[in-house]
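To start, the structure under review is shown below, and the notes come after it.
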Amino acid sequence: MYRRTLLKASTAALASTLAAPAIAQGSAKVLRCAPEANLASIDPIWTTATVAINHGYMVYDTLYGVDLSLTPRPQMVAGHNMSDDSRTWTFTLRDGLMFHDGEKVRSADCIASIDRWSKRAAWGQALGAVTDELAVLDDNRFVIHLKKPFSTILYALGVSGCFIMPERIAKTDPFKQISDATGSGPFKFVKDEWVSGARAAWVKNDKYVPRDEPADFYAGGKRVYVERVEHTVMPDGATAAAALQTGEVDWVHVPLIDLVPMLKKSPGVMVAVYDPLGWLGIIRPNFLFPPFDNRKLLRAILPAIDQREFLAAVIGEQSDLGKLPAGYFTVGSAMANTAGIDALTGPRDVEKAKRLVGESGYKGEPVLLMSPTDQPALEQVAQVTRSVFEKVGINVNYAAMDWSTLVARRASRETPEKGGWNAFCTSWSGLSVADPGGHFPIRGNGNGAWFGWPTDAKMEALRDSWFDASDLAAQKKICEDMQSYAFEQVPFIPIGQWFYPTAFRNNIVDIVKAPGILHWNLKKT
C-alpha cells in the first residue's frame, strides 16, 4: 500500500484536529522554518542535496547570479573584460566583500573556489575542461585563460552554485566534506547550534554589503530583514502542517502535497509555487555493479514505466502540480524535445517488459533500492518503483532509511553487500536539467559523474558538441540526439515532472521566486 493511500484515510481527521488553530506570535526578527530535509552536510560542493544548496546560498556569495530570465548578472563581481579572441576573461571584485571571520575576499579565494567547484558541479566540469589557467593579478582581479572560447562562461559561474569560500577552505579535496562554513554571504551559520537530524540556525551577517539592485531569482541585492533563521527538522508532514497552522513555525518549505488543499483553507496560511521550472523525477541506477551495469536490462524496464502512475503517487489529483510526458530535459525549457519519447508514451506493457527483462541476461541478482522515509514524494515514487521492478521480475531488496542516510550511502562505491546500493529515486531541479551544461545525471564521465558513475564516451561527445554549437537551432538538434541516445543507454529513467508548493504564514512577504528556498529579501511583518 502506498503512503498516499494511508494519508487519504487520515486527512479528514487531521483537518478536524487542526481546524481551529491557536496562533502563537513569534518574534518578527526570527524566521522559524520546517525544512524539506535534515541538513546532514554543510558542504554544497560535495553534495547535491537541495537542503545543502539552500544553505550554501545563505552563507556564501557567488561571482554571478542568474535572474528570472536566466540571464547572468554580476554578483560579487564589479565587472569583467573579455579579450578579442574570447579566450581571456579578467574579473574585478566589487568593494566591501568580507568573509564572516573579518578577512577580505581576495582573488586567491575566488580562484581556489572555482577550482574546487570545477571538480564536482556539471557546469564547473564543463568550464574546467576548457580552462587553461586560473591566475591572480592582484587581490581584486583575477583571470581565466581558456583553451578555446566558451560563450557560456558567465552563465556557468552564475547558475550552479559556484560558492566562494576562503582559500584555506576551498583547497579541501572536493571529494571530502568541509567542516567550516565560513563564507561572505548574507547569513552566518551557527555551527554550535547545529544538531544533524534536529535543528540548524543562521544569523544575519551585519557586515554584508548587498548590491544596489532588486532581488531577482539568484541575482540582485541580497538584503536580509530578519536577525535569525531557525530550521527545525520535522520528518512527519502532518506535524509540520500543524506547526504552521498554530504559528509554531512560519514556513514549511515543502509541505506534504496531500495536505496542501487543507492548508490552502487554513486561516493565516498561504500556499504558492515559486519555482517556475519544477523538478524532474528520476530513477537512478548504479552502473558499477550487476545488474544495472547491463544497459539492455534498463531498456527492458521502460515499457512498464507509466509516468502517470508515478505522478499520481506524488501529486494525487492536484494535476496543476505536474507535467507529462517528461523526457531527459525540463519540460518547457528551450532544449526539451520529443525525440525517443515513444519509449515512455507508447502503450504500457508490463508483460512485454517482463519478457525483455528475461531476455536481457538478468540473472536474478538482488537490487538494493534505497527509499527515504522522511521525503514523502520520493518515498512514494520509490514504492511505485519497487512495484514496477517486482512486476517485471526484478528481485528487489527495499531499503528504507532517512534522507541524510541515503545521501551518505549513495556516495559509496562499495557493493550493496558492503554498504553500497543499486538504485534510488530522487528529483532534480528543472533549472539544473534544462540543458546539457548543468545536467549532471545525464553525464557519462565515469568517476567524475554523479552517483551511479556511468561511463559513456558518446554521451560526453554529444555534450561537448553542444557547447560548440553555432546557434540555438544546432543546440536543439544536439539535445534531440542526446535524448534519443539516452533512451537507448538509460543513464536514468525519467518518471515525470512536478512542482513542489511551499507554505508559509501570511505575515511572510516578498519571498523570492527561485528553484531553491532563499531567505533574503523576505520580511516577517
Exercise. Antiparallel DSSP bridges in the chain: what percent, to the nearest 5?
Worked result: 80
Exercise. Expressed as cubic angstrom per residue, what is the convex hull volume of the alpha carbon set of the stretch 127-170?
Worked result: 95
Exercise. Given the convex hull of the Cα atoms of the chain, what is a quarter of its surface area in nm²?
Worked result: 23.0
Problem set entry | In Hz, Karplus ³J(HN,Hα) per residue of the stretch 317-331 (6.51, -1.76, 1.60; θ = phi - 60°; x = Gly, Pro) | 8, 7, 4, 5, 9, x, 9, 9, x, 10, x, 8, 10, 3, 4
For this session: Please identify the longest segment of the chain free of exposed GluC sites (Glu not before Pro), where exposed means a DSSP state other than H, G, I, E or B and no more than 12 other Cβ atoms within 10 Å.
Result: 1-316
Seminar exercise, completed: By the Kirkwood definition, with r running over pairs of different Cα atoms, the stretch 370-525 has a hydrodynamic radius in Å of 18.3
For this session: Could you pull out every residue, at least 5 positions away or on a different chain, whose amide H is within less than 5 Å of the one on Ile283? Hs are placed 1.01 Å off N in the peptide plane, and Pro or chain starts have none.
Result: Ile493, Ile495
For this session: State the dimensionless ratio Rg/Rh of the stretch 120-208 (Rg: radius of gyration of Cα atoms; Rh: Kirkwood radius).
Result: 1.03
Seminar exercise, completed: In order over the stretch 219-225: 3J(HN,Hα) from phi, Karplus 6.51/-1.76/1.60, θ = phi - 60°, whole Hz, x for each Gly or Pro, gives 10, x, x, 9, 8, 10, 10
For this session: Would you work out which of Ala474, Ser27, Tyr155 lies farthest towards the positive end of the dipole of the chain? Charges go on Cβ: Lys and Arg +1, Asp and Glu -1.
Result: Ser27
Seminar exercise, completed: Debye calc, one equal point scatterer per Cα of the stretch 279-498, no solvent, log10 I(q)/I(0) at q = 0.11 1/Å comes to -0.50
Exercise. Using alpha carbon centroids, what distance separates the stretch 41-114 and the stretch 324-388, in Å?
Worked result: 36
Problem set entry | Rounded Å value of the spacing that divides the Cα centres of the stretch 235-274 and the stretch 305-323 | 20
For this session: Place +1 on the Cβ of every Lys and Arg and -1 on the Cβ of every Asp and Glu in the stretch 279-498, take the dipole about the Cα centre, and give the residue among Asn294, Ala313, Pro376 whose Cα lies farthest towards its positive end.
Result: Asn294
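How many percent of DSSP beta bridges within the stretch 363-434 run antiparallel, rounded to 5?
Taking every DSSP beta bridge within the stretch 363-434, about 0 percent pair in antiparallel fashion.
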Seminar exercise, completed: Given 25 °C, 0.890 mPa s and a Kirkwood radius over Cα pairs, the Stokes-Einstein diffusion coefficient of the stretch 232-339 in µm²/s is 145
Seminar exercise, completed: Counted neighbours (other Cβ, 10 Å), sorted fewest up, put Met234, Met98, Met76 in the order Met98, Met234, Met76
Problem set entry | Fewest-first sequence of Asp85, Asp510 by Cβ atoms within 10 Å of each Cβ | Asp85, Asp510
Exercise. How big is the charge dipole of the chain about its Cα centre, in debye rounded to the nearest 20, if each Lys and Arg gets +1 on its Cβ and each Asp and Glu gets -1 on its Cβ?
Worked result: 680
Problem set entry | Note, ³J(HN,Hα) from phi for the stretch 169-178, Karplus 6.51, -1.76, 1.60, rounded to Hz, x at Gly and Pro | 8, 5, 7, 4, 3, x, 9, 10, 6, 7
Seminar exercise, completed: For the chain, whose charge dipole is built from +1 on Lys and Arg Cβ atoms and -1 on Asp and Glu Cβ atoms, the candidate among Leu70, Ala514, Asn205 with its Cα farthest towards the positive end is Ala514
Exercise. Taking the stretch 220-289 as the region of interest, what is the percent of Cα-Cα pairs per 10 angstrom bin, listed from the shortest bin to the one with the maximum distance?
Worked result: 14, 36, 30, 14, 5, 0
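When Ser484, Ser371 are ordered from fewest to most other Cβ atoms inside 10 Å of their Cβ, what list results?
Ranking Ser484, Ser371 by Cβ neighbours within 10 Å, fewest first, gives Ser484, Ser371.
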For this session: Among DSSP beta bridges whose residues both lie in the stretch 279-498, state the antiparallel percentage, nearest 5.
Result: 65
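We did not get these values from a lab; they are worked out from the coordinates using the rules stated. Quantities reported herein were computed from a predicted structural model and do not represent experimental measurements. FYI the Cβ positions are ideal-geometry reconstructions off the backbone, even for glycines, and counts take in every protein chain you see.
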